[in-house]
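K.L.:
My questions all concern the structure below.
The values are calculated or read from the model by the stated rules, or taken from the named source; none is laboratory data. Keep in mind that what you see is a predicted model, and the values were worked out from it rather than measured. Every residue, glycine as well, gets a Cβ built from its backbone with ideal geometry; the counts of neighbours run over all protein chains shown.
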Amino acid sequence: MMTDLVIPPAAALWAGALILPLLSRRVRAAAFVLFSLAGLALVFILPDGARLDVPFLDQTLTLCRVDALSRLFGIIFAFIAAAGGLYALHLRDTGQQCAALLYAGGSLGATFAGDFFTFFVCWEVMAAASTFLVWAARNREARRAGFRYILYHLLGGGLLLLGIFWLASQNGGSLEIVAFAPGASAAAWLILLGVAVNAAVVPLHTWLPDAYPRATVTGAVFLSAFTTKTAVYALARMFPGWEVLLWAGVAMTLYGVVYAVLADDIRGILSYHIVSQVGFMVAGVGLGTEMGLNGATAHAFSHILYKALLFMAAGLVLQTTGRRNLSELGGLGRSQPAVLALYMIAAFSISGVPLFNGFISKSMTVSAAGEAGRQAAMLLMLLASVGTFLSVGLKLPAFTWFSRDRGLKPERAPWNMYLAMGLTASVCLLHGVKPGLLYRWLPYPVEYHPYARVHLAETAQLLVLTLAAFWLCRRLLEPHAGTVLDVDWFFRRPAGFLRELFVETTGKFFDGTGRAAMAAARALAFLSRNPYRLARGGDPESVYSQDRHRPLTRTLVTILLAVFSLLAVFTLIAVR
Amino acid sequence: MRKIIRGALTAVLAGLVLLSLAAQVFHKPEGNHRASWWESAPGFFALFGFIGCLFLIAVALGLGRAFLRKSGRYYDDD
């Protein structure tokens, strides 16, 4: 056996997280990129079918198991970790760097995990490490959003663990990850729910548009890549062909685009478009056909690239102008033409414009729905594509780089940010021009031709007329500052009342009881401190003194005599 | 200058749509088989893009005006 040669790719990144703080401060950012590249190299050199089994208690854990699906996700996770590291090369923040390495490592670990225990551990490492990328922004908003984020993921992790335990109790303790038949068991449903939290399936999605826009500029790039796409991988691995996922996915595609029309924060718009784009992948998995799964996988790959690039561009705008809302931005095209150009590559990719990588993957998923006879799902996904182009391809750039010139004077951005964006953009273009480069890695053989003439004609019509409708309505789409309510309203709104009831009221009751007890004790102490003074009057604060307050002997003798006399008289009367 | 660019762009895009319509009319689909009438109806996707976009804007802005959009800071814990 060659098992001793199998090194899980996650090991490179986790080792990096341990070693990084020991290195000189100046080389840490560069080392980050190297560790990510080492992970990428490991993904490439692992042979197909390689596995690493480790005995643990009375189980065998499969720390690494390689097939086409896990390899494809592994490649893109490791690549984007390196690209994100390059984007953050100027950063001097060891906490963020270590958290990002742990996070990316967790994502790789979960991807190659062959058993549920390993999968779960990596899953939780991701949840914890990613929270630090939100908190690292070090402001009140980020702190609060980070708490809501981790609470949501603890809930998802809890559901997942419960499902895993239940599953293990049913099938004789085996923890091996296998695909569940649709609606297999209650345990499978619990696992599905846990994974759905991370996939941001509506209505379990609010942690995403809540936390991502508040994360650090560099942290959001990592966040945009790992959590949701690891969940997509898990869905493709465990739940192919679950009908419920098809409709959940379609709902996500539309939900995200509707909210993106209303959102004002540029990274908020992009966050809602993660929900929308992941919807395409979830729907592809729900179809369960070879083409659907290929489409979901290819779209996850493309999406990680262009979405990271979108977050890089939006982050650069935020970093150089200090503004994050469309309603405060405008006219940056003159001062940041390169950022605009790079952003538009990503925007055309996500919108499915031919020659960009979104076109070759999204259209595959949509066509898979048609091939499977799902006309309604196909039409609704096409409608969502229209919405994607509307918000990310037109509205966001129009109000950031064009529109009203607000006279902003953006600072200079470090060169490495541009380099990372250029690198990511070139892969987006490369895959758009040569789809075969991506298709050859897909889990099933591909017989799909995105550049069929009919398909090009349809796409041209769809996009150009979307542009026309946008142009007509551009005044209506003027950004507004403010809050857009999402389903988190149902727990954030009552949160104040519940906090009042369970924290404030309980606290007040506790305080009140304490105060009453202290007052009672003080009163008792007042009574017992000097009883003589209470009877005789005088200074109420005087302390009892044997010499001053003890009664005279004659007083005691008089009292005793009087009592005795009374008793004697009473006895005589009673006896008679 | 802006006007010229805008005019040129409009012309190019309009030409693209006309070209695509012509392609749909004169070219029988190859390879990917068409499952339904709407996929082979020329201009369906143009209509769908235009009306779909207006529909999405209307739905989003309608919901926003009705109850989703609140001005200022809405949540105490934000």
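Yes/no matrix, rows are residues, columns are (1) basic (Lys, Arg); (2) at pLDDT below 95:
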{"site": "A:274", "(1), (2)": "no, no"}
{"site": "A:285", "(1), (2)": "no, no"}
{"site": "A:293", "(1), (2)": "no, no"}
{"site": "A:298", "(1), (2)": "no, no"}
{"site": "A:301", "(1), (2)": "no, no"}
{"site": "A:307", "(1), (2)": "yes, no"}
{"site": "A:322", "(1), (2)": "no, yes"}
{"site": "A:327", "(1), (2)": "no, yes"}
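K.L.:
Could you check the range A:468-480 and list, in sequence order, the residues that are facing another protein chain (nearest Cβ under 7 Å) and either in contact with a strand residue (DSSP E or B) (Cβ under 9 Å, 6 or more places away or on another chain) or not in a loop (DSSP other than H, G, I, E, B) (or both)?
P.N.:
Answer for the range A:468-480, where residues must be facing another protein chain (nearest Cβ under 7 Å) and either in contact with a strand residue (DSSP E or B) (Cβ under 9 Å, 6 or more places away or on another chain) or not in a loop (DSSP other than H, G, I, E, B) (or both): A:468, A:469, A:470, A:473, A:480.
K.L.:
Looking only at the range A:1-47, how many residues end up being small (Gly, Ala, Ser) and under 17 Å from residue A:129 (Cα atoms)?
P.N.:
Looking only at that region, the number is 7.
K.L.:
So residue A:197 clears everything in (1) assigned to a loop (DSSP other than H, G, I, E, B); (2) without any contact (Cβ under 8 Å) to a residue 60 or more places away in the chain except one condition, right? Which one?
P.N.:
(1)
K.L.:
Separate question: Return the pairs, sorted by first residue and then second, in which the second residue is of a type in the set (Asp, Glu), the first residue lies in the range A:473-485 and is without any contact (Cβ under 8 Å) to a residue 60 or more places away in the chain, the beta carbons are less than 8 Å apart, and the residues are 6+ apart or on different chains.
P.N.:
Pairs found: A:483/B:78.
K.L.:
A follow-up question, please. Cβ-Cβ below 7 Å, separation at least six or inter-chain, first residue in the range B:1-20 and within 21 Å of residue A:454 (Cβ to Cβ), second among the polar types (S, T, N, Q) and surrounded by 12 or more Cβ atoms within 10 Å (Cβ to Cβ): which pairs?
P.N.:
B:17/A:461; B:20/A:461
K.L.:
If the requirement is being at pLDDT 95 or above, hydrophobic (A, V, I, L, M, F, W, C) and either assigned by TED's automatic domain parsing to the domain that holds residue A:227 or out of contact with any helix residue (DSSP H, G or I) (no Cβ under 7 Å at 6 or more places or on another chain) (or both), which of these qualifies: A:63, A:91, A:40?
P.N.:
Result of the check over A:63, A:91, A:40: A:40.
K.L.:
What is the residue count in the range A:448-462 for residues that are closer than 13 Å to residue A:389 by Cα and either more than 7 Å from chain B (Cβ to nearest Cβ) or surrounded by fewer than 20 Cβ atoms within 10 Å (Cβ to Cβ) (or both)?
P.N.:
Qualifying residue count for the region: 1.
K.L.:
Please verify whether residue A:500 is at pLDDT below 90, out of contact with any Asp or Glu (no Cβ under 7 Å at 6 or more places or on another chain), closer than 30 Å to residue A:148 by Cα and outside the structural domain of residue A:386 (by TED's automatic domain parsing), treating the condition exactly as stated.
P.N.:
Numbers: at pLDDT below 90: yes; out of contact with any Asp or Glu (no Cβ under 7 Å at 6 or more places or on another chain): yes; closer than 30 Å to residue A:148 by Cα: yes; outside the structural domain of residue A:386 (by TED's automatic domain parsing): yes.
Yes; evaluated as a whole, the condition is true for this residue.
K.L.:
Suppose we keep only residues that are surrounded by fewer than 20 Cβ atoms within 10 Å (Cβ to Cβ) and part of a helix (DSSP H, G or I) within the range A:132-147. Which one would you say is nearest to the chain's Cα centre (by Cα)?
P.N.:
A:147
K.L.:
Does the range A:45-60 contain at least one residue that is assigned to a helix (DSSP H, G or I), under 20 Å from residue A:87 (Cα atoms), free of Cβ contacts under 8 Å to residues at least 40 places away in the same chain and in the same structural domain as residue A:94 (by TED's automatic domain parsing)?
P.N.:
no
K.L.:
Is there a residue in the range A:434-447 that is under 23 Å from residue A:265 (Cα atoms) and of a type in the set (Phe, Trp, Tyr)?
P.N.:
The answer is no, given that none of the residues of the range A:434-447 is under 23 Å from residue A:265 (Cα atoms) and of a type in the set (Phe, Trp, Tyr).
K.L.:
Pairs, please: C-beta under 6 Å, at least 6 apart or cross-chain, first residue farther than 22 Å from residue A:487 by Cβ and more than 7 Å from every other protein chain (Cβ to nearest Cβ) and in the range B:42-64, second of a type in the set (Ser, Thr, Tyr) and crowded, with 17+ Cβ neighbours inside 10 Å?
P.N.:
Filtered contacts from the range B:42-64: no entries.
K.L.:
Please pick out the residue among A:510, A:526 that is away from every other protein chain (no Cβ under 14 Å), farther than 30 Å from residue B:15 by Cβ and either touching a strand residue (DSSP E or B) at 6+ places or on another chain (Cβ under 7 Å) or modelled with pLDDT of 90 or more (or both).
P.N.:
Just one listed residue meets the conditions, A:510.
K.L.:
Let me ask another. In the range A:345-356, how many residues are in a helix (DSSP H, G or I) and either at pLDDT below 95 or in contact with a Phe, Trp or Tyr (Cβ under 6 Å, 6 or more places away or on another chain) (or both)?
P.N.:
Residues meeting the conditions: 5.
K.L.:
Could you name every one of the helices (runs of 4 or more DSSP H) located completely within the range A:502-576 that has at least 1 residues being in contact with a Ser or Thr (Cβ under 7 Å, 6 or more places away or on another chain)?
P.N.:
Of the helices (runs of 4 or more DSSP H) lying wholly inside the range A:502-576, those with at least 1 residues that are in contact with a Ser or Thr (Cβ under 7 Å, 6 or more places away or on another chain) span A:531-536.
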